[in-house]
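A short worksheet on the structure shown next.
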Amino acid sequence: MVILGSGNLALKTAQLALEKGVEVAAIVEAGPEIRGDAKLASTLVGAGVPFILSHTVERALGEQEVRAIRVVSIDAEGKPVRGGAQEIACDTICMAFGVVPNIELASVTGCRILFDEARGGWAPEVDGNFRTSLPNIHVVGEAAGISVEMHLDSGIAAEQGRRAARAIARSEGLPEETEPVPAAAATSDNMFPAARAWLRSLVEAGGMEVVVCQCEEVTRRELLEVSPPKYLGAGNMKFCGGVASLSPAGRTSQDLVKRLTRAGMGHCQGKRCRDQTMMLLAEATGAEMANLVPGSYRVPVRPLPLSIMWAGEETEEMRRTWPIWLHPVEERAPGYASIKAAESDHGKS
């Protein structure tokens, strides 16, 4: 395994891999220094894990499966240095240089979502007891934002849950625990700048033809030129002038760009490309991340097999009344008689 990134998530991943008997061929970091916990990094070095700093990925090598990765040294601006490429044999590449909060449920319930770099990007607005903008909804753990400490200390999220539970108990008039409640852990660093630095270096080294949305096969170029993916066979139907020529409201709306390019419309609902897309839009338009409007979600917020949502074959009644079966009504409801008449006159389609 080659691990990209050197923050606490990457270091913990390397530690777990070694414990499970997986060889860590290298930890690659785009920055000039190791970003994560110094003690854990030292332990990994002692276990023989090589750290390759100031490098980024130029290409993953292999056909049906990964056989190696080609990395290239980069300068302070993230641009490749001529003659600085090397290949590392591996069968697995793990990207561990950025983490985003799981905000889908909070978003679809209507909680106010704000951009907070220190919490990993877009996250629900919460108070000291993790109450959201909706008074009956609390959000804790990685759904409320992620800090570098949380990868090393699971107790942080657990304490957030206890604080929220105490607040709910107070609001319901239940007796409170007498033990003091410690303040939520402060964030000493965050991962968002590291993720943006990685993306810049990947674009410099890999170019614009790299796929950014795997579900819909949208490349970086197609995204920024606002053109449909090639598989649609629409030809060269790019939006003249690209994303920068959209209206100020359009170029800051991920939903609009998603509708024009299909980036983020796949089964994962943008889980793998959402924040990368937003960073590319920010770089291309010069907009601040906080001024961009992230894309919306739809229920279910996780992909589900049809076998879960569909218990069996449609009933005859369901087929006969398919226009209205999602909203059960009595036969005397307005419109029902006309539907029945249309079925008898024209049959069922």
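The values are calculated or read from the model by the stated rules, or taken from the named source; none is laboratory data. All figures in this text were calculated on a predicted structure; none of them were measured in a lab. No Cβ is skipped: glycine too gets one built from the backbone with ideal geometry, and neighbour counts run over all protein chains shown.
Here are the numbers for this structure:
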| item | result |
| --- | --- |
| From the options ASN136, ASN102, ASN129, residue that is touching a residue at least 12 places away in the same chain (Cβ under 8 Å), over 15 Å from the mean Cα position of the chain (by Cα) and within 23 Å of GLU159 (Cβ to Cβ) | ASN129 |
| Search result, residues across region 70-97 that are in contact with a Gly (Cβ under 9 Å, 6 or more places away or on another chain) and at pLDDT below 95 | MET95, ALA96, PHE97 |
| Test result for ALA68, over 16 Å from the mean Cα position of the chain (by Cα), surrounded by fewer than 19 Cβ atoms within 10 Å (Cβ to Cβ), in contact (Cβ under 8 Å) with a residue 60 or more places away in the chain and over 22 Å from PRO300 (Cα atoms) | no |
| Subset of region 17-42 that is among the basic types (Lys, Arg) and surrounded by fewer than 21 Cβ atoms within 10 Å (Cβ to Cβ) - its residue that is farthest from the chain's Cα centre (by Cα) | LYS39 |
| All positions within region 46-58 that are under 24 Å from the mean Cα position of the chain (by Cα) and either of a type in the set (Asp, Glu) or on the phi > 0 side of the Ramachandran plot (or both) | GLU58 |
| Which numbered condition SER107 fails, given (1) part of a helix (DSSP H, G or I); (2) without any contact (Cβ under 8 Å) to a residue 60 or more places away in the chain | (2) |
| Odd one out for SER188, checked against (1) modelled with pLDDT under 90; (2) part of a loop (DSSP other than H, G, I, E, B); (3) under 21 Å from the mean Cα position of the chain (by Cα) | (3) |
| Some residue of region 117-133 being in contact with a Pro (Cβ under 8 Å, 6 or more places away or on another chain), of a type in the set (Ser, Thr, Tyr) and in a loop (DSSP other than H, G, I, E, B) | yes |
| Helices (runs of 4 or more DSSP H) within region 259-345 that include 3 or more residues touching a helix residue (DSSP H, G or I) at 6+ places or on another chain (Cβ under 9 Å), closer than 27 Å to LEU105 by Cα and modelled with pLDDT of 70 or more | 274-285 |
| Subset tally (residues that are more than 13 Å from MET191 (Cα to Cα) and either free of Cβ contacts under 8 Å to residues at least 40 places away in the same chain or surrounded by 24 or more Cβ atoms within 10 Å (Cβ to Cβ) (or both)) for region 5-16 | 4 |
| Lone qualifier among GLY264, GLY286, GLY295 - being under 21 Å from ALA234 (Cβ atoms) and either buried (at least 18 other Cβ atoms within 10 Å of the Cβ) or assigned by TED's automatic domain parsing to the domain that holds GLU216 (or both) | GLY264 |
| Some residue of region 132-148 being among the aliphatic types (A, V, I, L, M), surrounded by fewer than 19 Cβ atoms within 10 Å (Cβ to Cβ) and within 20 Å of ASP37 (Cβ to Cβ) | no |
| Pairs, first without any contact (Cβ under 8 Å) to a residue 24 or more places away in the chain in region 284-299, second among the aromatic types (Phe, Trp, Tyr), C-beta under 9 Å, six or more apart | GLU288/PHE115 |
